[in-house]
Amino acid sequence: MEINVLGPLSVVEGGISIVPTATKLRQLLALLILQGERVVTVSTLMDELWGESPPKSASSILQTYILQLRQKMTQALVHGDGRKAKDILVTQPGGYLLRIDSGRLDCREFDRLAEAGRRATEAGDYRLASDHFTGALAMWRGPALIDVRVGNVLQFEALRMNEARMSVLQQRIDADMQIGRHAALVPELRVLVAQNPLNENLCAQFMVSLQRTGCAWRALQVYQHLRNALARELGLEPSMVLQEIHQSVLVGELV
């Protein structure tokens, strides 16, 4: 089974998609995937699907949804390895479990490559770290679960994954800076800073890259834009780290 959640939801078994079109079935499948190999309680599933207002027949409706998901799986398992849908979407005491241990899950591969990148960074091999981080980011095809309606549970899962993507992106930029790729980073950072005007770490990376490519005056502009945005939106001053970078650029010290 090949499963993708880093972008549109995709679940393919034997070349056949088992992603339903119905909104709540997609929610249910996505939650089971992200809790893969762990039992998801009935109460958690109901909270995701209906929040604080479940219908009186929620329990029987949920059982129907599980049956419909198994029917989709059965269609894809006709020419498979002998597994049955109930062997993949397993009923457990108090809930359900989706077995994906032998499948390919893009968010799991993202985590593996990101961790490899962090280990390479700790070892001082920034080129290898950049390669691993780049591979991790290549797993993404858009915001996590972009075509799935998210409820009380999935909204936090999607937020967690999207924040992890931004963290890995900044770690990859750090690694690229360590191996002197400042000029190549400037166009990318220009876009990222415009998209994330209050992100101080991206601003710092942009300022350093600009200074290292001989554009100190533009680095000062970037700082001023951030300072104005922080004051306007949050009533704050830039962090001490950014202020120190700003001071270094002002006096012509290499950051």
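Throughout, read-outs are computed from the coordinates displayed, never taken from laboratory work. This one's a predicted model, so the numbers in the text were calculated from it and none came from an experiment. Cβ coordinates were reconstructed from backbone atoms using ideal geometry, including for glycine residues, and neighbour counts include every protein chain displayed.
Some notes on this structure:
- Virtual spin-label span in nm between Val78 and Arg119, 7 Å along Cα→Cβ: 4.3
- Tensor-based shape of region 182-255 (alpha-carbon gyration tensor, a/c under 1.5 rounded, otherwise prolate or oblate): oblate
- Computed from Cα atoms, the angle from the helix 216-233 axis to the main principal axis of the chain rounds to 50 degrees.
- Alpha carbon centroid spacing (whole Å) that separates region 16-84 from region 199-255: 48
- Over the chain, DSSP H runs of length four or greater, each weighted -39,500 (n - 2.57), average out per residue to a 222 nm ellipticity of -19500 deg cm²/dmol.
- Rounded tilt (10° steps) of 23-34 against the dominant C-alpha axis of the chain: 70
- Extended-chain gain in nm, criterion 0.36 nm per residue less alpha-carbon gap, Val90 and Ser17: 24.3 nm
- Between the helical axis of 58-76 and the longest alpha-carbon principal axis of the chain there is an angle of about 90 degrees.
- By DSSP, the beta bridges lying fully in the chain are antiparallel in about 85 percent of cases.
- Using C-alpha pairs under 8 Å with a sequence gap of at least 6, the mean separation divided by the residue count of region 8-104 gives a relative contact order of 37 percent.
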